[in-house]
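What follows is a single structure, written as structure tokens, with notes after it.
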Amino acid sequence: MAIFLGRKNSVQEDPASGSVRVPMSPDGAALSRPAVTQRDSAINAAPQFEQPEPAPGPIAPEAVPIDTYADQSGTPPTVYGAPPGDSAPPAQAAELHQYAGEPLERILIALGAKREYVREALKRKSETHEPLPVIVRDMGLVSQEMVAKAIAYHTGYDYFSLTDADAMDLADVKKLQEIIDNTNKFHYAGYILVGFNHKGGVQIAVDTQERVNEARNLFFDYQPSIVIASGQTILKIYRKHFANTEFAFKAAIAAYHLALQRGTLTDEPGLVFRVIGTLLRHACYAGASDVFIWSTRKVGQIGLKIDGKGSIFTVLKNETFDSTMELLISSCGLTETIKLGPQETKVEFAGSPPDIRAEFDDIFGRFHFRMEAVMSPTGKKNVVIRINDGQSTETDFTSLPFDSGSREIILKNVHAPTGLVLITGPTGSGKTTTMYSILREINPIQRRVFTVENPIEYHNGMWIQHELPRPKMDGNKRQTEGDVGREYLKALLREAPDVILWGEVRDDPELVKTMLAAANTGHLVVTSLHTNSAPKAVLRLMELGANRDALASVLRLVIAQRLVAKLCEYCKAPDARAETIKTFKEHHIHQFEPCIAVGCPHCGELGYRGRQMIYEIMPAGNVRQLIEEGASISKIEQEGVPRTDTIWYRGLSLVATGITSMDELMIRADRS
């Protein structure tokens, strides 16, 4: 992917390449001062695991490395460096220092990768000579984060996680932006500035050790140090903090107004498309889940929802608003149908000039945009655009904040041969991340995993994945999404899947019945649902037409979750409000140090940095008989989830330790 990065330049991406750069200085000068340290020399002298290795000669059996397939029988070698069993329990960081310089495959096993996965990856490596990290990522056998962590231990550098990225100091980010501005030449192909080290120099995240020298040389004047991060983490940091997409949007607006003043707007049809494209790019890069476009009597307004919180991004002059809205509506084929009532469609830039479509391949090649358009009685049009990321962030199940008891219950149920597992919560609560993380605990070599999604948000090379197509005309009637879903699910059942991931349960009774039937006929079905709590998932499914007895027989587990913002450690202040103290006492919590959000440069004056999941789980065994008897939802809530294990109580525990605030918890979770 080629991205032209500059604080004063618009952003462009080409998904085909793999680099990001800032334009060179006028004289074309590049930093070239040597910055090779003793550690770099040692690393460069060591075998590079990213490079294909020749087949080794015969060696003693006790010395056979894990990545060798020299055995004439083709029998996979014994895996050394980890305890017996299918996979080793994830080792602690302190224990893994012994693996510095060890083969990457041994480190992956020490981190918890299954031996079978590593053996299969090494078989492919012996045939294709691809780098091992490329293979395990392509096959979906381990997450990008585990690979990055393994590379960190292999090279001896620290690991920079997605959590670290979410908690980056915004005051530091501004300084890093200035450093990039002052750098004569910045050719980025897998590294980015992420902070400052203890010496006051810059900290650079790289995704492979091969990029270390280039990164050090470029930022030699800033006493650089290196950390290892995954490609997804680095790209997320770049997009969020360094892509300067807001400036690109404003530049597109300025170009539109200039053409309007000159009367040349009809000669430049791509200008309005560029306004829409730069808006969507900014929303995607900022991590927004929704874009709201509406108008007052005097101006148009654009709002974004990021991390579950809405904000007004900008206002538009009426002429710009009207042109943008008309183009959105017409390019989606809704010019006439919107007059009949609310319309739902996809934003795909149909009819845009080829160069414009190519300019925004970075977002249309990855993100999916579902638009709901409504016309008011006065003729004004309002739209909401839901953004779905087609490359959902990979997170290891072990990194999710489930306690040991909850983790054991989840794994027991997800390894069951049949039944229904539900992950519930509102939009933006992290359901998709949890669902994929749990599903990746299932061995895809031994059990066939099929998915039906709209859209596919995470690609796994070992799963057979289907994306629901658009509903089409069936005679004189247009199909619903439920009609298409039922067709796919019935067809998929004939393909002998062991596990079915269904992206999300929608309002279609027949689809719900088909899903329950699948869970009752030899398949494990994992899906998500919008409900406020785990017990209320039962009520919701019955509202959608689920038979009580069928639901009771197949339901295995319900997980409900939320994401709460974490207080900024720099500016949070003690919360001595009487209402906060009263809440703790009502829940018999006697030790607490609650804090409130204040705001400072480190958190962008928001008072919060990063987010954390809170959750509750309800094993179906707790409520199976109650479901069969038609018990009230209050009774199911009482028996299904212990009071101290509810979303609210877990959130209250975070408030008591000053991790989040009572104000944040009150807007994220229902009080119980």
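The values are calculated or read from the model by the stated rules, or taken from the named source; none is laboratory data. Since we're looking at a predicted model, the values are computed, not measured. Cβ: placed from backbone, ideal geometry, glycine included. Neighbour counts: every protein chain shown. Keep in mind that these areas ignore ligands, DNA and RNA; they rest on the heavy atoms of the full protein, side chains included. Shrake-Rupley method; radii C 1.70, N 1.55, O 1.52, S 1.80 Å.
First select every other residue whose beta carbon is under 15 angstrom from the beta carbon of THR163; then total the charges, Lys and Arg +1, Asp and Glu -1.
Within the 15 Å Cβ shell, the charges total -3.
At 0.36 nm per residue, minus the direct Cα-Cα distance, what do GLU116 and THR128 gain on full extension? Give it in nm, one decimal, please.
2.5 nm
Expressed in nm to one decimal, what extension gain is obtained for the pair LYS412 and ARG448 from 0.36 nm per residue of sequence separation less their Cα-Cα distance?
Separation in residues times 0.36 nm, less the Cα-Cα distance, equals 11.2 nm.
Rounded, prolate or oblate: pick one for the stretch 213-330, where a ≥ b ≥ c are the square roots of the eigenvalues of its C-alpha gyration tensor, a/c under 1.5 means rounded, and failing that, prolate if a/b is larger than b/c, else oblate.
prolate
Enter the mean projected area of the convex hull around the alpha-carbon atoms of the stretch 459-525, in nm², rounded to one decimal.
Computed as one quarter of the Cα hull surface, the answer is 5.0 nm².
Using label points projected 7 Å from each Cα along Cα→Cβ, tell me how many nm separate ASP403 and LYS585, to one decimal.
Roughly 2.6 nm, to one decimal.
I want the local charge near LEU626. Using Cβ-Cβ distances under 11 Å, sum +1 for each Lys or Arg and -1 for each Asp or Glu among the other residues.
-1
Computed FRET efficiency, Cβ-Cβ of LEU468 and VAL598, R0 51 Å: what is it to the nearest 0.05?
That gives a FRET efficiency of 0.65.
Obtain the nm distance between the two label points defined at THR657 and ALA254 by a simple spin-label model: each point lies 7 Å from its Cα along the Cα-to-C-beta direction.
In this crude spin-label approximation the distance works out to 4.8 nm.
Counting only the heavy atoms of the protein chains, how much of SER404 is accessible to a 1.4 Å probe, in Å² to the nearest 10?
90
By its C-alpha gyration tensor, with a ≥ b ≥ c as the square roots of the eigenvalues, how is the stretch 291-335 shaped: rounded for a/c under 1.5, else prolate for a/b larger than b/c, else oblate?
oblate
Treat each spin label as a single point 7 Å out from the Cα along the C-beta direction, and report the GLU510 to HIS198 distance in nm.
Going by the 7 Å Cα→Cβ label model, 6.6 nm.
So what J values fall out for the stretch 208-217 if you push phi through Karplus, 6.51 cos²θ - 1.76 cosθ + 1.60 with θ = phi - 60°, rounded to Hz, Gly and Pro as x?
Working through the residues one at a time gives 9, 5, 5, 8, 4, 4, 4, 5, 4, 4 Hz.
Using Cα centres only, tell me the gap between the stretch 553-616 and the stretch 223-280 in whole Å.
34
Under the rule of at least 5 residues apart or a separate chain, name every residue whose amide H is placed under 5 Å from the amide H of GLN465.
When sequence neighbours closer than 5 places are left aside, the close amide H contacts are THR451.
List the residues whose amide H sits under 5 Å from the amide H of GLY140, counting only those 5 or more places along or on another chain, with H placed 1.01 Å from N in the peptide plane.
It is GLY461, by chain and number.
If R0 is 51 Å, what FRET efficiency do you get for ARG548 and SER311 from their C-beta distance, rounded to 0.05?
E between ARG548 and SER311, to the nearest 0.05, is 0.75.
If you stretched the chain out fully between GLU326 and ARG624, how much longer would it get, using 0.36 nm times the residue separation minus the C-alpha to C-alpha distance?
Stretched fully, the GLU326-ARG624 segment lengthens by 102.0 nm.
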